[in-house]
Amino acid sequence: MSSAVLDFTIPNLGEAKIPSPILMSHSSGDGMADYVLDSTRILFNVATKAGSDGHSVPVDDGTLELAGPRERIYFNPAHVHAAITTCGGICPGLNNVIRAVVRCFWYRYGVRRISGIPYGYQGLLEESSFPIIPLDPDIVDDIQEKGGTILGSSRGGGDQISEIVDSLERMNVNILVAVGGDGTLRGAWDIGEEIKKRGLKISVIGVPKTIDNDLSFIQSSFGFDTAVAQAVPVVRGAHIEARNSINGIGLVKVMGRESGFIAANTSLAQSDVNFCLIPENPFDLEGENGFLVHLKKRILDRGHAVILLAEGAGQNLLPPTAERDASGNVKFQDIGIFLKDRIQAYFKKERIEVNIKYIDPSYIIRSAPADSFDSIYCARLGAHAVHAAMAGKTQALISQWNNKYVHIPIKVAVSRRNHIDLEGTLWRDVLENTRQPYSMAN
Ligand code: ATP
Ligand code: MG
(Lines give C-alpha, C1' and ligand atoms only; values in the text may rest on other atoms or scores of the structure.)
(Ligands and ions follow the chains in the order given, each with its own letter.)
Protein backbone atom coordinates (compact mmCIF):
# COMPACT_ATOMS: atom_id res chain seq x y z
CA MET A 1 0.00 0.00 0.00
CA SER A 2 2.46 2.63 1.16
CA SER A 3 6.19 2.59 1.62
CA ALA A 4 6.19 4.65 4.84
CA VAL A 5 5.57 2.51 7.92
CA LEU A 6 2.57 3.89 9.78
CA ASP A 7 2.31 4.05 13.55
CA PHE A 8 -0.32 1.48 14.47
CA THR A 9 0.17 1.84 18.23
CA ILE A 10 -3.16 1.76 20.07
CA PRO A 11 -3.57 4.28 22.90
CA ASN A 12 -4.40 2.78 26.31
CA LEU A 13 -6.08 4.35 29.32
CA GLY A 14 -3.76 2.53 31.71
CA GLU A 15 -2.63 -0.85 32.90
CA ALA A 16 -5.30 -3.56 32.67
CA LYS A 17 -5.23 -5.28 36.07
CA ILE A 18 -8.70 -6.72 36.59
CA PRO A 19 -9.20 -10.41 35.72
CA SER A 20 -11.68 -10.76 32.86
CA PRO A 21 -14.99 -12.35 33.85
CA ILE A 22 -15.23 -14.13 30.51
CA LEU A 23 -15.13 -17.84 30.93
CA MET A 24 -15.53 -20.33 28.16
CA SER A 25 -18.05 -22.99 29.08
CA HIS A 26 -16.58 -25.95 27.26
CA SER A 27 -17.01 -29.43 28.62
CA SER A 28 -13.54 -29.83 30.11
CA GLY A 29 -14.58 -27.07 32.49
CA ASP A 30 -11.17 -25.45 32.73
CA GLY A 31 -12.94 -22.15 32.18
CA MET A 32 -10.36 -20.50 29.92
CA ALA A 33 -11.44 -18.01 27.32
CA ASP A 34 -9.53 -17.69 24.09
CA TYR A 35 -7.74 -14.58 25.28
CA VAL A 36 -5.66 -12.44 22.97
CA LEU A 37 -2.32 -11.01 24.04
CA ASP A 38 -1.52 -7.39 23.23
CA SER A 39 1.69 -8.66 21.71
CA THR A 40 -0.21 -10.82 19.18
CA ARG A 41 -0.03 -8.86 15.98
CA ILE A 42 -0.57 -9.52 12.31
CA LEU A 43 1.25 -8.15 9.30
CA PHE A 44 -0.38 -5.09 7.77
CA ASN A 45 0.93 -6.01 4.35
CA VAL A 46 0.99 -9.70 3.52
CA ALA A 47 2.55 -9.11 0.10
CA THR A 48 6.17 -9.85 -0.64
CA LYS A 49 8.63 -8.02 -2.83
CA ALA A 50 11.64 -9.15 -4.80
CA GLY A 51 14.79 -9.17 -2.68
CA SER A 52 18.28 -8.44 -3.97
CA ASP A 53 19.03 -12.14 -4.59
CA GLY A 54 15.82 -12.65 -6.58
CA HIS A 55 13.96 -14.30 -3.70
CA SER A 56 10.81 -12.67 -2.43
CA VAL A 57 11.00 -10.99 0.96
CA PRO A 58 8.22 -9.63 3.20
CA VAL A 59 7.24 -5.99 2.82
CA ASP A 60 7.78 -4.26 6.15
CA ASP A 61 4.70 -2.05 6.45
CA GLY A 62 4.24 -2.59 10.17
CA THR A 63 1.95 -4.81 12.20
CA LEU A 64 -1.57 -4.47 13.61
CA GLU A 65 -2.83 -5.32 17.08
CA LEU A 66 -5.23 -8.24 17.08
CA ALA A 67 -8.71 -7.56 18.50
CA GLY A 68 -10.40 -9.89 20.99
CA PRO A 69 -10.92 -10.42 24.74
CA ARG A 70 -7.97 -9.73 27.04
CA GLU A 71 -7.28 -11.84 30.13
CA ARG A 72 -6.94 -8.68 32.21
CA ILE A 73 -9.25 -5.75 31.67
CA TYR A 74 -9.05 -2.09 32.64
CA PHE A 75 -12.62 -1.41 33.79
CA ASN A 76 -14.46 -3.05 36.65
CA PRO A 77 -17.68 -4.24 34.92
CA ALA A 78 -19.78 -3.48 38.01
CA HIS A 79 -18.81 0.19 37.77
CA VAL A 80 -19.02 0.65 34.02
CA HIS A 81 -21.46 3.00 32.36
CA ALA A 82 -21.22 2.33 28.62
CA ALA A 83 -22.77 4.49 25.92
CA ILE A 84 -23.32 3.85 22.24
CA THR A 85 -24.25 6.25 19.47
CA THR A 86 -24.82 6.06 15.71
CA CYS A 87 -24.01 9.07 13.51
CA GLY A 88 -24.15 10.10 9.85
CA GLY A 89 -26.29 8.47 7.15
CA ILE A 90 -28.07 5.22 7.94
CA CYS A 91 -26.62 1.97 6.66
CA PRO A 92 -27.66 -1.70 6.78
CA GLY A 93 -26.32 -3.35 9.93
CA LEU A 94 -26.47 -0.49 12.45
CA ASN A 95 -29.02 -2.31 14.61
CA ASN A 96 -26.94 -5.48 14.42
CA VAL A 97 -23.93 -3.58 15.80
CA ILE A 98 -26.02 -2.04 18.61
CA ARG A 99 -27.40 -5.47 19.49
CA ALA A 100 -23.98 -7.09 19.54
CA VAL A 101 -22.47 -4.33 21.68
CA VAL A 102 -25.28 -4.48 24.23
CA ARG A 103 -25.26 -8.27 24.44
CA CYS A 104 -21.49 -8.50 24.81
CA PHE A 105 -21.42 -5.87 27.57
CA TRP A 106 -24.32 -7.54 29.34
CA TYR A 107 -23.66 -11.25 28.97
CA ARG A 108 -19.88 -11.45 28.60
CA TYR A 109 -18.86 -8.77 31.09
CA GLY A 110 -21.93 -8.31 33.28
CA VAL A 111 -22.17 -4.57 32.57
CA ARG A 112 -25.65 -3.35 33.56
CA ARG A 113 -25.55 0.34 32.69
CA ILE A 114 -25.71 0.77 28.94
CA SER A 115 -27.08 3.98 27.47
CA GLY A 116 -28.14 4.61 23.89
CA ILE A 117 -27.33 8.19 22.87
CA PRO A 118 -30.13 9.37 20.57
CA TYR A 119 -29.40 10.96 17.20
CA GLY A 120 -25.62 10.74 17.21
CA TYR A 121 -23.42 13.41 18.73
CA GLN A 122 -26.37 15.77 18.81
CA GLY A 123 -27.81 13.63 21.60
CA LEU A 124 -24.83 14.64 23.76
CA LEU A 125 -25.25 18.37 23.32
CA GLU A 126 -26.43 20.39 26.28
CA GLU A 127 -29.59 21.58 24.58
CA SER A 128 -30.57 18.07 23.40
CA SER A 129 -34.15 17.34 24.31
CA PHE A 130 -33.97 13.72 23.20
CA PRO A 131 -34.01 11.34 26.17
CA ILE A 132 -31.16 8.87 26.68
CA ILE A 133 -32.32 5.33 25.85
CA PRO A 134 -31.45 2.69 28.48
CA LEU A 135 -30.39 -0.50 26.69
CA ASP A 136 -30.52 -4.14 27.73
CA PRO A 137 -30.78 -7.47 25.88
CA ASP A 138 -34.60 -7.33 25.88
CA ILE A 139 -34.68 -3.94 24.21
CA VAL A 140 -32.25 -5.01 21.49
CA ASP A 141 -33.90 -8.37 20.95
CA ASP A 142 -34.97 -8.65 17.29
CA ILE A 143 -33.80 -5.14 16.32
CA GLN A 144 -31.50 -6.71 13.73
CA GLU A 145 -34.60 -7.56 11.71
CA LYS A 146 -35.20 -3.88 11.04
CA GLY A 147 -33.21 -1.47 8.94
CA GLY A 148 -31.89 1.83 10.27
CA THR A 149 -30.88 2.37 13.88
CA ILE A 150 -33.14 2.26 16.94
CA LEU A 151 -31.10 5.15 18.35
CA GLY A 152 -31.68 7.44 15.38
CA SER A 153 -28.80 9.22 13.66
CA SER A 154 -27.92 12.77 12.70
CA ARG A 155 -25.33 15.03 11.19
CA GLY A 156 -23.83 18.02 12.96
CA GLY A 157 -22.83 18.60 16.56
CA GLY A 158 -19.43 16.98 16.19
CA ASP A 159 -17.70 20.37 16.37
CA GLN A 160 -18.96 20.97 19.92
CA ILE A 161 -16.42 18.61 21.42
CA SER A 162 -16.07 20.30 24.77
CA GLU A 163 -19.82 20.17 25.33
CA ILE A 164 -19.91 16.50 24.36
CA VAL A 165 -17.18 15.64 26.86
CA ASP A 166 -18.96 17.72 29.53
CA SER A 167 -22.02 15.50 28.97
CA LEU A 168 -19.96 12.30 29.17
CA GLU A 169 -18.49 13.54 32.46
CA ARG A 170 -21.86 14.58 33.82
CA MET A 171 -23.33 11.17 32.95
CA ASN A 172 -20.29 9.34 34.36
CA VAL A 173 -19.82 7.50 31.09
CA ASN A 174 -16.65 5.34 31.02
CA ILE A 175 -16.97 3.96 27.52
CA LEU A 176 -18.31 5.55 24.34
CA VAL A 177 -18.83 3.36 21.28
CA ALA A 178 -19.33 5.57 18.22
CA VAL A 179 -20.65 3.93 15.07
CA GLY A 180 -20.20 6.11 12.02
CA GLY A 181 -18.21 7.19 9.00
CA ASP A 182 -15.22 9.43 8.46
CA GLY A 183 -16.92 12.42 10.11
CA THR A 184 -17.97 10.42 13.16
CA LEU A 185 -14.49 8.93 13.53
CA ARG A 186 -12.87 12.38 13.28
CA GLY A 187 -15.29 13.47 15.98
CA ALA A 188 -14.41 10.40 18.07
CA TRP A 189 -10.73 11.23 17.77
CA ASP A 190 -11.34 14.83 18.90
CA ILE A 191 -13.47 13.60 21.82
CA GLY A 192 -10.61 11.28 22.80
CA GLU A 193 -8.14 14.18 22.69
CA GLU A 194 -10.37 16.33 24.89
CA ILE A 195 -10.78 13.43 27.34
CA LYS A 196 -6.99 13.08 27.50
CA LYS A 197 -6.56 16.82 28.01
CA ARG A 198 -8.93 16.69 30.97
CA GLY A 199 -7.15 13.66 32.43
CA LEU A 200 -10.32 11.55 32.29
CA LYS A 201 -10.42 7.79 31.89
CA ILE A 202 -13.06 7.34 29.19
CA SER A 203 -12.52 4.88 26.37
CA VAL A 204 -13.70 5.94 22.89
CA ILE A 205 -14.01 3.10 20.40
CA GLY A 206 -15.19 3.47 16.81
CA VAL A 207 -17.06 0.98 14.68
CA PRO A 208 -16.52 2.18 11.11
CA LYS A 209 -19.69 2.60 9.09
CA THR A 210 -19.46 3.51 5.45
CA ILE A 211 -21.87 2.05 2.97
CA ASP A 212 -19.62 3.46 0.20
CA ASN A 213 -16.66 1.36 1.42
CA ASP A 214 -14.54 4.50 1.21
CA LEU A 215 -12.59 4.13 4.45
CA SER A 216 -9.02 2.90 4.23
CA PHE A 217 -7.64 0.24 6.60
CA ILE A 218 -10.92 -1.64 6.47
CA GLN A 219 -11.03 -4.63 4.19
CA SER A 220 -14.68 -4.04 3.49
CA SER A 221 -17.17 -2.05 5.52
CA PHE A 222 -20.40 -3.41 6.99
CA GLY A 223 -23.52 -2.70 4.96
CA PHE A 224 -21.59 -2.81 1.72
CA ASP A 225 -22.53 -6.39 0.86
CA THR A 226 -26.21 -5.64 1.56
CA ALA A 227 -26.02 -2.47 -0.54
CA VAL A 228 -24.74 -4.38 -3.57
CA ALA A 229 -27.34 -7.12 -3.03
CA GLN A 230 -30.07 -4.46 -2.93
CA ALA A 231 -28.77 -2.64 -6.02
CA VAL A 232 -28.71 -5.80 -8.16
CA PRO A 233 -32.51 -6.21 -8.63
CA VAL A 234 -32.79 -2.48 -9.36
CA VAL A 235 -30.30 -2.79 -12.21
CA ARG A 236 -32.07 -5.91 -13.40
CA GLY A 237 -35.35 -3.96 -13.47
CA ALA A 238 -33.76 -1.04 -15.30
CA HIS A 239 -32.38 -3.46 -17.88
CA ILE A 240 -35.75 -5.14 -18.46
CA GLU A 241 -37.44 -1.74 -18.80
CA ALA A 242 -34.79 -0.62 -21.30
CA ARG A 243 -34.99 -3.80 -23.36
CA ASN A 244 -38.74 -3.52 -23.62
CA SER A 245 -38.78 0.08 -24.86
CA ILE A 246 -37.74 1.62 -28.17
CA ASN A 247 -34.13 2.68 -27.61
CA GLY A 248 -34.65 2.26 -23.88
CA ILE A 249 -32.11 3.74 -21.51
CA GLY A 250 -32.06 2.71 -17.86
CA LEU A 251 -30.25 5.14 -15.59
CA VAL A 252 -29.66 3.99 -12.00
CA LYS A 253 -27.94 6.01 -9.28
CA VAL A 254 -26.39 4.36 -6.23
CA MET A 255 -24.43 5.72 -3.25
CA GLY A 256 -20.76 6.58 -3.61
CA ARG A 257 -19.77 10.17 -2.91
CA GLU A 258 -16.00 9.78 -3.18
CA SER A 259 -15.62 6.16 -4.23
CA GLY A 260 -17.57 4.07 -6.71
CA PHE A 261 -17.30 0.66 -5.03
CA ILE A 262 -21.06 -0.02 -4.91
CA ALA A 263 -21.46 0.86 -8.60
CA ALA A 264 -18.38 -1.16 -9.62
CA ASN A 265 -19.33 -4.25 -7.63
CA THR A 266 -22.96 -4.08 -8.74
CA SER A 267 -21.74 -3.94 -12.35
CA LEU A 268 -19.90 -7.19 -11.72
CA ALA A 269 -22.79 -8.80 -9.85
CA GLN A 270 -25.37 -7.88 -12.52
CA SER A 271 -23.58 -7.71 -15.83
CA ASP A 272 -26.34 -5.82 -17.67
CA VAL A 273 -24.56 -2.55 -16.98
CA ASN A 274 -23.08 -0.91 -20.09
CA PHE A 275 -21.68 2.24 -18.51
CA CYS A 276 -20.46 2.36 -14.92
CA LEU A 277 -19.73 5.97 -13.98
CA ILE A 278 -17.74 6.58 -10.78
CA PRO A 279 -16.17 9.59 -9.04
CA GLU A 280 -12.65 8.28 -9.59
CA ASN A 281 -13.04 8.36 -13.37
CA PRO A 282 -14.09 11.84 -14.60
CA PHE A 283 -15.73 11.95 -18.02
CA ASP A 284 -16.87 14.51 -20.59
CA LEU A 285 -20.36 14.60 -22.02
CA GLU A 286 -19.71 16.22 -25.38
CA GLY A 287 -16.83 15.82 -27.84
CA GLU A 288 -15.77 12.88 -29.97
CA ASN A 289 -14.76 10.72 -26.99
CA GLY A 290 -17.48 12.07 -24.70
CA PHE A 291 -19.99 9.85 -22.93
CA LEU A 292 -22.93 10.88 -25.17
CA VAL A 293 -21.18 9.74 -28.35
CA HIS A 294 -20.46 6.34 -26.80
CA LEU A 295 -24.04 6.08 -25.57
CA LYS A 296 -25.31 6.87 -29.07
CA LYS A 297 -23.10 4.12 -30.52
CA ARG A 298 -24.48 1.66 -28.02
CA ILE A 299 -28.11 2.66 -28.73
CA LEU A 300 -27.62 2.41 -32.51
CA ASP A 301 -25.89 -0.99 -32.14
CA ARG A 302 -28.07 -2.64 -29.53
CA GLY A 303 -31.27 -0.60 -29.11
CA HIS A 304 -30.97 -0.26 -25.34
CA ALA A 305 -28.47 0.71 -22.63
CA VAL A 306 -28.06 0.57 -18.86
CA ILE A 307 -26.06 3.26 -17.05
CA LEU A 308 -25.07 2.79 -13.41
CA LEU A 309 -24.00 5.94 -11.72
CA ALA A 310 -22.36 6.61 -8.34
CA GLU A 311 -23.72 9.80 -6.77
CA GLY A 312 -20.29 11.47 -6.78
CA ALA A 313 -19.63 10.73 -10.48
CA GLY A 314 -19.50 13.63 -12.93
CA GLN A 315 -19.81 16.28 -10.20
CA ASN A 316 -17.27 18.30 -12.21
CA LEU A 317 -19.92 18.68 -14.93
CA LEU A 318 -22.34 20.41 -12.59
CA PRO A 319 -22.13 24.05 -11.56
CA PRO A 320 -20.31 24.25 -8.19
CA THR A 321 -22.41 24.67 -5.07
CA ALA A 322 -21.41 26.25 -1.79
CA GLU A 323 -24.14 24.42 0.12
CA ARG A 324 -23.06 22.18 3.00
CA ASP A 325 -24.92 19.83 5.31
CA ALA A 326 -24.93 20.12 9.12
CA SER A 327 -21.71 18.09 9.31
CA GLY A 328 -19.94 20.37 6.84
CA ASN A 329 -20.01 17.94 3.90
CA VAL A 330 -20.49 19.63 0.49
CA LYS A 331 -24.04 18.96 -0.73
CA PHE A 332 -23.97 17.17 -4.05
CA GLN A 333 -26.38 18.02 -6.83
CA ASP A 334 -28.29 15.15 -8.39
CA ILE A 335 -26.09 13.95 -11.23
CA GLY A 336 -28.85 11.50 -12.23
CA ILE A 337 -31.41 14.21 -13.02
CA PHE A 338 -28.73 16.29 -14.73
CA LEU A 339 -27.61 13.38 -16.87
CA LYS A 340 -31.16 12.36 -17.75
CA ASP A 341 -31.90 15.88 -19.04
CA ARG A 342 -28.65 16.05 -20.99
CA ILE A 343 -29.20 12.62 -22.57
CA GLN A 344 -32.73 13.57 -23.58
CA ALA A 345 -31.61 16.90 -25.08
CA TYR A 346 -28.77 15.22 -26.96
CA PHE A 347 -30.89 12.52 -28.59
CA LYS A 348 -33.57 15.09 -29.47
CA LYS A 349 -30.92 17.11 -31.26
CA GLU A 350 -29.72 13.93 -33.01
CA ARG A 351 -33.36 13.13 -33.94
CA ILE A 352 -33.20 9.69 -32.35
CA GLU A 353 -36.13 8.54 -30.22
CA VAL A 354 -35.05 7.30 -26.78
CA ASN A 355 -37.05 6.26 -23.72
CA ILE A 356 -35.15 6.96 -20.56
CA LYS A 357 -36.08 5.83 -17.05
CA TYR A 358 -34.18 7.20 -14.06
CA ILE A 359 -34.22 5.16 -10.84
CA ASP A 360 -32.68 6.34 -7.57
CA PRO A 361 -32.98 3.50 -5.02
CA SER A 362 -30.55 5.09 -2.49
CA TYR A 363 -33.00 5.43 0.41
CA ILE A 364 -34.32 1.92 -0.13
CA ILE A 365 -30.80 0.50 -0.17
CA ARG A 366 -29.52 2.26 2.92
CA SER A 367 -32.62 1.46 4.98
CA ALA A 368 -32.56 -2.28 4.21
CA PRO A 369 -31.89 -4.75 7.02
CA ALA A 370 -28.45 -6.36 6.83
CA ASP A 371 -28.08 -9.54 4.78
CA SER A 372 -26.54 -12.66 6.34
CA PHE A 373 -22.98 -11.69 5.47
CA ASP A 374 -23.30 -8.24 7.03
CA SER A 375 -25.22 -9.60 10.02
CA ILE A 376 -22.36 -11.91 10.90
CA TYR A 377 -19.84 -9.15 10.28
CA CYS A 378 -21.71 -6.63 12.47
CA ALA A 379 -22.13 -9.13 15.29
CA ARG A 380 -18.40 -9.66 15.36
CA LEU A 381 -17.45 -5.99 15.02
CA GLY A 382 -19.76 -5.11 17.90
CA ALA A 383 -18.35 -7.78 20.21
CA HIS A 384 -14.78 -6.79 19.40
CA ALA A 385 -15.56 -3.13 20.13
CA VAL A 386 -16.67 -4.15 23.63
CA HIS A 387 -13.55 -6.28 24.23
CA ALA A 388 -11.34 -3.36 23.16
CA ALA A 389 -13.16 -0.87 25.39
CA MET A 390 -13.16 -3.14 28.46
CA ALA A 391 -9.42 -3.66 28.02
CA GLY A 392 -8.93 0.12 28.22
CA LYS A 393 -8.11 0.69 24.57
CA THR A 394 -9.14 4.08 23.28
CA GLN A 395 -9.19 6.24 20.14
CA ALA A 396 -9.18 3.01 18.16
CA LEU A 397 -11.58 1.39 15.78
CA ILE A 398 -12.37 -2.21 14.98
CA SER A 399 -11.54 -3.37 11.51
CA GLN A 400 -11.23 -6.58 9.57
CA TRP A 401 -7.90 -6.74 7.83
CA ASN A 402 -6.40 -9.77 6.11
CA ASN A 403 -9.44 -11.67 7.45
CA LYS A 404 -8.59 -10.93 11.10
CA TYR A 405 -10.27 -8.51 13.48
CA VAL A 406 -7.81 -5.82 14.47
CA HIS A 407 -7.51 -2.48 16.27
CA ILE A 408 -6.62 0.51 14.10
CA PRO A 409 -5.76 3.88 15.63
CA ILE A 410 -8.52 6.28 14.55
CA LYS A 411 -5.89 8.86 13.68
CA VAL A 412 -4.42 6.53 11.07
CA ALA A 413 -7.80 5.32 9.79
CA VAL A 414 -9.05 8.79 8.88
CA SER A 415 -5.78 9.83 7.28
CA ARG A 416 -6.71 8.54 3.84
CA ARG A 417 -9.66 7.47 1.74
CA ASN A 418 -10.24 4.22 -0.04
CA HIS A 419 -10.66 4.74 -3.78
CA ILE A 420 -10.95 2.47 -6.79
CA ASP A 421 -7.59 2.21 -8.50
CA LEU A 422 -8.28 2.83 -12.18
CA GLU A 423 -5.21 0.74 -13.02
CA GLY A 424 -6.25 -2.05 -10.64
CA THR A 425 -7.91 -5.40 -11.24
CA LEU A 426 -11.36 -4.43 -9.93
CA TRP A 427 -11.75 -1.62 -12.44
CA ARG A 428 -10.26 -3.74 -15.22
CA ASP A 429 -12.84 -6.45 -14.53
CA VAL A 430 -15.63 -3.85 -14.54
CA LEU A 431 -14.48 -2.55 -17.92
CA GLU A 432 -14.43 -6.10 -19.25
CA ASN A 433 -18.01 -6.58 -18.09
CA THR A 434 -19.44 -3.30 -19.30
CA ARG A 435 -17.28 -3.01 -22.44
CA GLN A 436 -17.21 0.77 -21.90
CA PRO A 437 -14.08 2.69 -22.98
CA TYR A 438 -11.32 3.11 -20.41
CA SER A 439 -11.72 6.84 -20.68
CA MET A 440 -14.58 9.00 -21.89
CA ALA A 441 -12.67 12.23 -21.45
CA ASN A 442 -11.53 14.20 -24.49
P1 ATP B 1 -21.47 9.10 6.44
O2 ATP B 1 -20.84 10.24 5.72
O3 ATP B 1 -20.98 7.76 6.02
O4 ATP B 1 -22.95 9.17 6.50
P5 ATP B 1 -20.17 10.31 8.67
O6 ATP B 1 -19.81 9.83 10.02
O7 ATP B 1 -19.04 10.79 7.81
O8 ATP B 1 -21.02 9.18 7.99
P9 ATP B 1 -21.10 13.02 9.02
O10 ATP B 1 -22.49 13.55 8.95
O11 ATP B 1 -20.08 13.63 8.15
O12 ATP B 1 -21.25 11.46 8.78
O13 ATP B 1 -20.56 13.15 10.51
C14 ATP B 1 -21.21 12.51 11.61
C15 ATP B 1 -20.91 13.26 12.89
O16 ATP B 1 -19.52 13.53 13.00
C17 ATP B 1 -21.62 14.60 12.97
O18 ATP B 1 -22.11 14.74 14.27
C19 ATP B 1 -20.53 15.60 12.64
O20 ATP B 1 -20.74 16.85 13.26
C21 ATP B 1 -19.28 14.93 13.15
N22 ATP B 1 -18.12 15.34 12.35
C23 ATP B 1 -18.05 15.39 11.00
N24 ATP B 1 -16.83 15.80 10.59
C25 ATP B 1 -16.12 16.05 11.72
C26 ATP B 1 -14.78 16.50 11.98
N27 ATP B 1 -13.93 16.79 10.99
N28 ATP B 1 -14.40 16.63 13.26
C29 ATP B 1 -15.26 16.34 14.26
N30 ATP B 1 -16.51 15.89 14.08
C31 ATP B 1 -16.95 15.76 12.85
MG1 MG C 1 -18.91 11.00 5.67
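The values are calculated or read from the model by the stated rules, or taken from the named source; none is laboratory data. Here the structure is a predicted model, which is why all the values come from computation and not from measurement. With ideal geometry, Cβ positions are generated from the backbone for all residues, glycine too; neighbour counts draw on all protein chains shown. Surface accessibility is based on the protein's heavy atoms, side chains included, excluding ligands, DNA and RNA. Shrake-Rupley method; radii C 1.70, N 1.55, O 1.52, S 1.80 Å.
General remarks:
- Degrees between helix 161-170 axis and first principal axis of the chain (Cα, 0 to 90, nearest 10): 40 degrees
- Where only C-alpha atoms are counted, convex hull volume of segment 46-183 per residue in Å³: 175 Å³
- Value in Å of the Kirkwood radius, where segment 242-368 supplies the Cα pairs that are averaged: 15.2 Å
- In units of the compact-protein estimate 2.2 N^0.38 Å, segment 319-438 shows a Cα radius of gyration of 1.57.
- Shown here for segment 88-166: GluC sites (Glu not before Pro) in loop regions (DSSP other than H, G, I, E, B) with at most 12 other Cβ atoms within 10 Å, namely Glu126, Glu127.
- Whole-percent carbon and sulfur share, accessible surface of the chain, 1.4 Å: 49 percent
- Relative to the current alpha-carbon distance between Glu15 and Asp142, full extension at 0.36 nm per residue lengthens the span by 42.0 nm.
- log10 of Debye I(q)/I(0), alpha-carbon scatterers only, for segment 272-313 at 0.15, 0.18, 0.33 Å⁻¹: -0.37, -0.52, -1.15
- Distance between modelled label sites at Ile246 and Ser162, nm, 7 Å Cα→Cβ extension: 6.8 nm
- Helix 291-302 axis, angle to the chain major axis (alpha carbon atoms, nearest 10°): 70 degrees
- Taking all protein chains into account, the per residue accessible area for segment 137-263 stands at 34 Å² (1.4 Å probe).
- Alpha carbon Rg of the chain, scaled by the compact-globule rule 2.2 N^0.38 Å: 1.08
- The GNM of the chain, with springs linking C-alpha atoms under 10 angstrom apart, assigns the highest mean-square fluctuation among Ser327, Ser52, Ser267 to Ser52.
- Computed over the chain: relative contact order in percent, which uses C-alpha pairs under 8 Å that are six or more apart: 22 percent
- Percentage, to the nearest whole number, of Cα pairs in segment 107-199 over 15 Å apart: 62 percent
- For the chain, the longest principal axis of the alpha carbon atoms and the long axis of helix 425-434 meet at an angle near 40°.
- Shown are Trp427, Trp189, whose ranking by accessible area with a 1.4 Å probe and every protein chain present, most to least, is Trp189, Trp427.
- Accessible area (Å², 1.4 Å probe, nearest 10) - Phe44: 10 Å²
- Segment 33-98: relative contact order as a whole-number percent, Cα under 8 Å and 6+ apart: 32 percent
- Relative contact order computed over segment 1-158 (Cα-Cα under 8 Å; 6+ residues apart), in percent: 23 percent
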